[in-house]
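Here the structure is laid out as structure tokens; the discussion comes afterwards.
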Amino acid sequence: MRRSLRTVTVSAALAALTVLATGGTASSHGYTDQPPSRQALCAGGTVTGCGDIQYEPQSVEGPKGFPSAGPADGSICAGGNSRFAQLDDPRGGQWPATKVTAGQRYTFTWRFTARHATTDFKYYLTKQGYDPTKPLTRSELDTTPFLTVPMNGTQPGSTASHTGTIPGGRTGKQLIVAVWTIADTSNAFYACSDVQF
């Protein structure tokens, strides 16, 4: 009886450690669906020929520290992940775009399939003169975020909404880069949304 109880106790302890170990390092995943990100458009079937990202739009994870670090130029929308390179393909500038107006208040929405301690959310916009027919580089991006939402290590809910003002001085097609920086890993999640001024 003592041996059975000890075996059950040890088994339960090992199971608890396994849950804690995997829970503490579990991948957190998320993407923007307002305005629709490129990965959301692929997952929803609005855009086809997207490869693996259509099945896991929440997985665009790459090194954090953007814009001074993070994904290399030309691979920003895929978070530097070659598996999702279709997100960096400009498709001749033909990604569907959400209409926006300079100076308007806009609510950006993230959808999460797993939550994690968060440093912040930041939103960047391309500069006037951005060429939507070429992969995104930092030289085409205003590297000062137009919206920063500090989280100080807290976890978001199953969704998160952030309201900010769309910057002025742009016309035509532009790109918003949203970055969700994770507090207790070396990674961040990236989402690019095409917009039309």
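The values are calculated or read from the model by the stated rules, or taken from the named source; none is laboratory data. Quick caveat, the model's predicted, so the values are computed rather than measured. Every residue, glycine among them, receives a Cβ derived from its backbone with ideal geometry; neighbour counts consider all protein chains shown.
Within the range 77-91, which residues are surrounded by fewer than 17 Cβ atoms within 10 Å (Cβ to Cβ) and at positive phi?
Passing the criteria: only R91.
Does F112 satisfy being in contact (Cβ under 8 Å) with a residue 12 or more places away in the chain, buried (at least 19 other Cβ atoms within 10 Å of the Cβ), over 29 Å from G169 (Cα atoms) and out of contact with any Phe, Trp or Tyr (no Cβ under 9 Å at 6 or more places or on another chain)? Can you show your working first?
Working: in contact (Cβ under 8 Å) with a residue 12 or more places away in the chain: yes; buried (at least 19 other Cβ atoms within 10 Å of the Cβ): yes; over 29 Å from G169 (Cα atoms): yes; out of contact with any Phe, Trp or Tyr (no Cβ under 9 Å at 6 or more places or on another chain): no.
Answer is no for this residue.
Would you confirm whether any residue within the range 99-113 is under 30 Å from D184 (Cβ atoms) and over 16 Å from the mean Cα position of the chain (by Cα)? Break it down stepwise before answering.
Let us first name the residues in the range 99-113 that are under 30 Å from D184 (Cβ atoms), namely 106-113.
Narrowing the set further to residues that are over 16 Å from the mean Cα position of the chain (by Cα) leaves 106.
Yes, some residue in the range 99-113 is under 30 Å from D184 (Cβ atoms) and over 16 Å from the mean Cα position of the chain (by Cα).
Just one of the numbered conditions (1) loosely packed, with under 15 Cβ neighbours inside 10 Å; (2) farther than 26 Å from V47 by Cβ is not true of T119; which one?
Going through the list (1) loosely packed, with under 15 Cβ neighbours inside 10 Å; (2) farther than 26 Å from V47 by Cβ, T119 breaks only (1).
Out of A85, A78, A114, which single residue is of a type outside the set (V, I, T) and touching a His at 6+ places or on another chain (Cβ under 7 Å)? I'd like the intermediate steps shown before the answer.
On the way: A85 fails: touching a His at 6+ places or on another chain (Cβ under 7 Å); A78 fails: touching a His at 6+ places or on another chain (Cβ under 7 Å).
When all the criteria are applied, what remains is A114.
Among G164, G153, G129, which is over 24 Å from G74 (Cα atoms), small (G, A, S) and loosely packed, with under 14 Cβ neighbours inside 10 Å? Lay out the reasoning, then the answer.
Working: G164 fails: loosely packed, with under 14 Cβ neighbours inside 10 Å; G129 fails: over 24 Å from G74 (Cα atoms).
So the residue among G164, G153, G129 that is over 24 Å from G74 (Cα atoms), small (G, A, S) and loosely packed, with under 14 Cβ neighbours inside 10 Å is G153.
Looking at the range 93-143, which of its residues are closer than 12 Å to I176 by Cα and not in a strand (DSSP E or B)?
A97, V100, K127, Y130, P132, L136, E140
Take K122 and tell me if it is within 15 Å of the chain's Cα centre (by Cα) and of a type outside the set (G, A, S).
So K122 fits the description; yes.
What are the pairs with Cβ atoms under 8 angstrom where one residue, in the range 171-192, is at positive phi and modelled with pLDDT of 95 or more and the other, located anywhere, is of a type in the set (A, V, I, L, M, F, W, C) and not in a strand (DSSP E or B)? Sequence gap at least six, or different chains.
Partner pairs satisfying both residue conditions: G172/F197.
Please count how many residues of the range 28-84 are assigned to a strand (DSSP E or B), more than 10 Å from the chain's Cα centre (by Cα) and among the polar types (S, T, N, Q).
1
Does the range 112-133 include one or more residues that are at pLDDT below 95 and among the charged types (D, E, K, R)?
For the range 112-133, residues at pLDDT below 95 and among the charged types (D, E, K, R): present.
Yes or no, residue by residue, for (1) touching a helix residue (DSSP H, G or I) at 6+ places or on another chain (Cβ under 9 Å); (2) at pLDDT 95 or above; (3) farther than 15 Å from D89 by Cα; (4) surrounded by 19 or more Cβ atoms within 10 Å (Cβ to Cβ):
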site	(1), (2), (3), (4)
R38	yes, yes, no, yes
T46	yes, yes, yes, no
G49	yes, yes, no, no
P57	yes, yes, yes, yes
G65	no, yes, yes, no
S75	yes, yes, no, yes
